[in-house]
Structure formats: C-alpha cells, structure tokens
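Asker: The following block contains the structure, expressed as structure tokens.
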Amino acid sequence: RNRSKEKLWDSSFIVNDSTWDNWTNEFKDRITNKVIQVNEDYAMGTVDVAFDSTNGYGTVTTTDFSQIRKLEVTYNGQDWYQSTKMNVNDFVPNQVFSSVHPHHNWIGDSVFQVHPDESGGTARIWFYRFGTTMQNDTDELPLSLRSMTDKFVDYNLLQAQYKDSKISFIEKKSIEESLVSDVAAILTPRDKSGPQYIDITESISGDWDTVL
C-alpha cells in the first residue's frame, strides 16, 4: 500500500486505504483464477468437516473456501475412502451405497451430502482457496506471491492512472492482462522438482523399459 502511494506524483491523490486494498485483492484473485486454469494443484488447502448421521449433511465454514478438488470420507476416524462426486439428481430415494465406495453431492455453495451417512463421520476436503483478504497492515500475500510485490505495485499504479484519466480503458485492460499473464507464467508449473507424470489417453506399443 505504502509503496504504491510513494510512486504517485501526489501521494495524497488517493487518501482512502481501502481503495488500495481493494485493488490489491482484485489482482490477487485474478492471478489465482488464472493460475488454477493451467495448474490445478495451485492455491489448495485442506479441511476436515464432520457430517451427520441423519442425512449425511456437512457444511464447509472455512472463510477462503472456493471450490472442491477432492473429498475423502472416514466413518471410524482411521480408514479413509475417496468419495465420488454425484449430481443431486443422480440418485434415487432409498438407494443403497457402500461405505467403502462413498459418494457425495453438493446442495449449496458450502453444504455437501455424503452417501451412505452411516452413523456420521468426517470428510477431508481438498479445496481451492484465495488466501487472506488484504485489509490490515499486518496481512501478508500468499507465500508464492511474496517475491512479486512489484507486480502488485504496478497494478495499483495502473488503476490510479486510469482513475486520473491518464490512460484509456482499453490501455488499462491490455496492461492488466499482461501483468496477470506475467505472474501466471512464473507460477506455472509450481513444482519444478523434476519430471512430471502425464496421462496417456491412447494405447501404446513398444519396449516398456523405454516408456517413462
């Protein structure tokens, strides 16, 4: 926030700190959405959520929850089984499900239902998150973005220039997209530790010893 102010010709041009905070959060969210499109393992978190024995309902209360990537279920706190997603109209009343092959469906933005519900249990959810909303001086960017604070300053200054009628709307949108793409290119892929697995969608032939 202060770095952005210092680069203005008149540091008092925008006096409301919430304006700077809104621009910073806007850029952070745009980057997160962009990167997730090409790296589905980015910006993920996990949370354990209890579901009841009456109808298998559970509610995600994590504040930065966006959408689910994976859900596992345990009925005894020890044995975990990966759950298969269903749509709410994919099953019929009194349909029988197996506790070793659980299913789940969503009935709201944050409410899910596990089948079978048995005597209740716990769902472990891997989900996409957007991190802390920047609004206080002590708030920090997500770890992977802390080395790119200059991009956030550039984005904030861009918004200030447009607000001051120094650039056109088309110029603003073009530069915004360039900044988002620059950061996304750095963050994708996130893991550069070595060769990655690939999905083979067609049958192949040859010497299996030479196939990676």
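The values are calculated or read from the model by the stated rules, or taken from the named source; none is laboratory data. Remember, it's a predicted structure, so these values are computed and weren't measured experimentally. Don't worry about glycine lacking a Cβ; one is built from the backbone with ideal geometry, like all the others, and counts go over all protein chains shown. Ligands, DNA and RNA are stripped out before the accessible areas are found, and what is left, the full protein with its side chains, is counted by its heavy atoms. Shrake-Rupley method; radii C 1.70, N 1.55, O 1.52, S 1.80 Å.
Asker: Would you mind listing the strands (runs of 3 or more DSSP E) fully within the stretch 73-134 where at least 1 residues are of a type in the set (Ser, Thr, Tyr)?
Answerer: The qualifying strands (runs of 3 or more DSSP E) are 80-82, 121-129.
Asker: Let me ask another. Give the residues of the stretch 135-145 that are assigned to a loop (DSSP other than H, G, I, E, B) and either closer than 14 Å to Asn55 by Cβ or of a type outside the set (S, T, N, Q) (or both), sorted by residue number.
Answerer: Answer for the stretch 135-145, where residues must be assigned to a loop (DSSP other than H, G, I, E, B) and either closer than 14 Å to Asn55 by Cβ or of a type outside the set (S, T, N, Q) (or both): Asp137, Asp139, Glu140, Leu141, Pro142.
Asker: Working only within the stretch 120-140, note down all residues that are surrounded by fewer than 17 Cβ atoms within 10 Å (Cβ to Cβ) and touching a residue at least 60 places away in the same chain (Cβ under 8 Å).
Answerer: Of everything in the stretch 120-140, those that are surrounded by fewer than 17 Cβ atoms within 10 Å (Cβ to Cβ) and touching a residue at least 60 places away in the same chain (Cβ under 8 Å) turn out to be Gly120, Arg124, Trp126, Thr132, Thr133, Gln135, Asp137.
Asker: Can you work out which of the residues in the stretch 163-185 that are open to solvent by 40 Å² or more (accessible area, probe 1.4 Å) and either in a loop (DSSP other than H, G, I, E, B) or in contact (Cβ under 8 Å) with a residue 40 or more places away in the chain (or both) is nearest to Ile36 (Cα to Cα)?
Answerer: Only one residue fits best here, namely Ser181.
Asker: Spot the failing condition for Val88; the list is (1) of a type in the set (A, V, I, L, M, F, W, C); (2) modelled with pLDDT of 85 or more; (3) farther than 22 Å from Leu187 by Cβ, and only one is missed.
Answerer: (2)
Asker: Can I ask one more? Has the stretch 94-105 got at least one residue that is modelled with pLDDT of 90 or more, open to solvent by less than 20 Å² (accessible area, probe 1.4 Å) and either within 18 Å of the chain's Cα centre (by Cα) or within 30 Å of Thr32 (Cα to Cα) (or both)?
Answerer: yes
Asker: Do you know which of the residues in the stretch 56-86 that are in contact with a Phe, Trp or Tyr (Cβ under 9 Å, 6 or more places away or on another chain) and open to solvent by 80 Å² or more (accessible area, probe 1.4 Å) is farthest from Asp41 (Cα to Cα)?
Answerer: That would be Tyr57.
Asker: A further question follows. Sort through Ser181, Ser193, Ser205 and tell me the only one that's farther than 30 Å from Trp80 by Cβ, at pLDDT below 85 and among the hydroxyl-bearing types (Ser, Thr, Tyr).
Answerer: Ser205
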